[in-house]
Structure formats: C-alpha cells, structure tokens
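For reference, the structure discussed in these notes is given below.
The values are calculated or read from the model by the stated rules, or taken from the named source; none is laboratory data. Model, not experiment: these values are computed from the prediction. Note: ideal-geometry Cβ built from the backbone for every residue, glycine included; neighbour counts use all protein chains shown. These area figures cover heavy atoms from the full protein model, side chains too; ligands, DNA and RNA do not enter into them. Shrake-Rupley method; radii C 1.70, N 1.55, O 1.52, S 1.80 Å.
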Amino acid sequence: MAARRTAAAGSGGDTESSPFDAFVPLDELMPWSSRPLRTGRAWVTGPDPEALRARWERLAAADSAEQERLFAPTRSRTPHSSVAALPGQSTGTARFARTPGPCPDPVRIQHGPYDEQWLLPDHRLIDAARPELWRVADGQQLFAVDHSAAPEDAGPALSVTALLPDGHSPAGRPGRIRPLHRRPGGTEPNLAPGLLELLRGRLGGGAAPDAFTPEAVLAWILAAARPSASGVLVPLPADAEVWSSGVALGRELLRLQLRGARGGERPRLPGGRRPYVRAALPVRPTELSYDAGDETLVVGDGRISPVPAGAWEFTVGGVRVLELWFGRRAAAGPGAPARRYVENIVDH
C-alpha cells in the first residue's frame, strides 16, 4: 500500500524514546507542488492597488519606445507577447502594445509567508504565473508554502494561506507551493493515496470524526513540520493523543495565519490587546527599530505599541520578518500614502 510505504519512509530516530514513527519528506505526503510565481517585473505587484492602476495607465498611454522601457521586457514577456488569460480572469489576450485594454482589478496575493500585497492579474505581464494554481484557487482552497531548505533553527518550515501565494522565500531560496485540493470546490485532496485511511486505522480509536480530514492533516503538518537542509520533514506520530494535540495546535495556527479568512476571527494579542499608532508615522519612513522596554515599534518618528518582543524577534528562513517587511516598502521609492502604510503595518 502506497501510504504505508510513505509512513515507513524518512529518517526517524529511536522510536522507543520518541512519540514519532518516522520523519517523512513533505513531498511524499502532499505530492503535487508548484514552483513559485515569477513575475519578471517588480512593478506588477505592490502594497497599494491604486499605485498599480496608475502604473497600468501610464504604461498603456506611453508611446512605443517609452512603453518598451517601462514594461521591462524579458525573454518570456514583452509588450508584443500574446498569451491566454489566467483561469478565472477576463483580461486581454491581444498584444499589449496593440490593445492593452482596461486595467484589470488588482487581486490580493500572499507575498512570502506573512505579507499581503496586490497583483495585476494579466497573463501578458507575468513571466510564470502558474495557471494551474489559479485554476484551483477558490473559496475552498488552502495553500501550504514551503520556506525552502533551511537549518532547524531558522524558524517555521511552512505557512498556510487562503490567498494565492507567490511562494517568495524570505531567505531568497524559493520553496514550493502545495494546494490542499487538486480540483476546485475542495475536492480530491492533494495527499498521498491511502494516507487518510492509514492514519485513521492506526490512530483513530476514539478520535473525533473530523480528526482525519484533509484539513486535519494540513493542521498536523503546519504544527509539526520541521525545516532541514534537504527540505521540509513531517513527523508521523505513534500515539493518538499526540496526533490529536498536534491537530488542535495546527488548527489554532491556521486560524491565526488565515487572518479572518473563511469567516474566522482575526488574530488578537493575548488578553485582547491590539497594536495602535501612538505617534503619527511619517509619509516616507526610512528607519525601523524596537524599544523592548515599552514594547514599541519605532517607525521613523512614529510609534506603534504594544508590539511583543516575540513579534520583533520572529524569523523565517533565518530572516527577521518585521525588518524584511519594512525594508521592502522603504526601498520601493515613493510608495503609498502614510495612512495606507499605517493600516498595513498595524494589520500585519
């Protein structure tokens, strides 16, 4: 049985002193994965949808020489490329230089593990949009995103999002994108054949009915997966209580990472606290620091608190997430107005 061979694979240690039977490569548990999106040009994404619309309008109105320069051609895409529309999108398919058409509505995407940005969903502008992912991106889909091969102390091995992810890795080494379902509508789970039956047979005695669904397996993976130099490894438990505890923890992590998607509750700090802007942020901040004594994030002359020390120290792929988030926006030039900037940094 394929799932039984999968369960026996991996590099598990001494099973007498460990609650796990084996450590299995994530590739064997969620076989279908995709490489990350590759836009080919930075201007098609950004934190502000209005800025994307302005870029489109400028490009569409430019003369041929200026349009060529602004477009930033690559071998895959130029203003003269003609390609099919992305699944679920009704954008133009004629050559942009000839018929750009109206600006498509920017779509929200997951940029890296914990950032959210906007993307112009026009296939003529994106080098490698991964249409197979767009085809299954719907209200039932969840995507697991590897954080690439990394040492065990580099932070979480993967994250989960309900948005279409671009698969960007904070450490600069792209991982893989793994849909939970192979088809739209939440059908045909992207799990090893027989895996659910195997887990139910070994660990299902007295378990709740929803302990062995595709979502439960994803929750376990999110809670238990470990990064390694060879890729993401997932321990398989030998004990039903360990499985139940891991699934419960993973579901809480899902709730937090989905940020209120699917009708869930938006995350809050312990005790119901929430960060607020205590001193107005400048329009174009250039420095970010942290005051541990006051639990305050200092953004230029602005101040946001409370921000727990754990949030400031949190890393993925060995990179501090808040500093990376700020650096991308500070390096982007004029950027969004101060109000939009404040909303983004408080929410994320």
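The stretch between D105 and D127, if pulled fully straight at 0.36 nm per residue, gains 6.0 nm over its current Cα-Cα span. Here the label points at L70 and F314, each 7 Å from Cα along the C-beta direction, are separated by 3.8 nm in the simple model.
Computed over every Cα-Cα pair of the chain and binned at 20 Å starting from 0, the pair-distance distribution P(r) comes out as 27, 53, 19, 1 percent. With angles folded into 0 to 90 degrees, how steeply does helix 214-224 sit against the dominant principal axis of the chain? Use alpha carbons for both and round to 10. Its long axis makes an angle of about 90 degrees.
What a 1.4 Å probe finds exposed on the chain is 52% carbon and sulfur by accessible area, rounded to a whole percent. Here region 263-320 yields Rg over Rh of 1.02, to two decimals, using C-alpha coordinates and the Kirkwood radius.
Dividing the convex hull volume of the alpha-carbon atoms in region 36-109 by its residue count gives 102 Å³ per residue.
Short-range pairs are left out: with C-alpha atoms under 8 Å and at least six residues apart, the relative contact order of the chain is 18 percent. The angle between the Cα long axis of helix 49-61 and the longest principal axis of the Cα atoms of the chain comes to about 50 degrees, rounded to the nearest 10.
What number do you get for region 94-234 when its Cα radius of gyration is normalised by 2.2 N^0.38 Å, N = residues? All intermediate terms of the calculation are to be shown ahead of the outcome.
Details: Rg = 17.8 Å, N = 141, 2.2 N^0.38 = 14.4 Å.
Expressed relative to 2.2 N^0.38 Å, the Cα Rg reads 1.23.
Computed from Cα atoms, the angle from the helix 240-258 axis to the main principal axis of the chain rounds to 10 degrees.
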